[in-house]
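Chemist: Supplied in structure tokens, the structure appears directly below.
The values are calculated or read from the model by the stated rules, or taken from the named source; none is laboratory data. Not measured: the values here are computed from a predicted model. Using ideal geometry, Cβ is built from the backbone for each residue, glycine included, and neighbour counts are taken over all protein chains shown. Note: accessible area is taken over every heavy atom of the protein model, side chains too, but ligands, DNA and RNA are not part of it. Shrake-Rupley method; radii C 1.70, N 1.55, O 1.52, S 1.80 Å.
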Amino acid sequence: MTDNQTINVEDVLATAADWARAGRPVALATVIETWGSSPRPVGSQLLVDQAGAFVGSVSGGCIEGAVVREAQGVIASGEPKLLEFGVSDEMAWDVGLACGGKIRLFVERVSD
């Protein structure tokens, strides 16, 4: 398995456990709520390490960069964070959410 690959939730969680056991600092972002258009359903996850490598997906690519940066901050601080991203229908195409919408994520540091 390579980093930056979309994998199922069970594989993301198994990878999180593997990385944490190996001493690799990681954070897990989980989609907890969506409104309107959302490319990934509630429960989708993105695993991020301190260097920015990741597996999984929370948005099909349109917010992953911002989530990776926020996850790196969670790794550094150890403090979990709620993130919310949203756009109007008029701005949707510009950011990759075809029909507008909002997405809320919970980001937490994973330890072994």
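Chemist: Taking the simple approach of a point 7 Å from Cα along Cα-to-Cβ for both Arg21 and Ser111, what is their distance in nm?
Modeler: The two pseudo-label positions are separated by 1.9 nm.
Chemist: Quick one: with all protein chains in place, what share of the accessible area of segment 18-62 is carbon or sulfur, to the nearest percent (1.4 Å probe)?
Modeler: Roughly 49 percent, rounded to a whole number.
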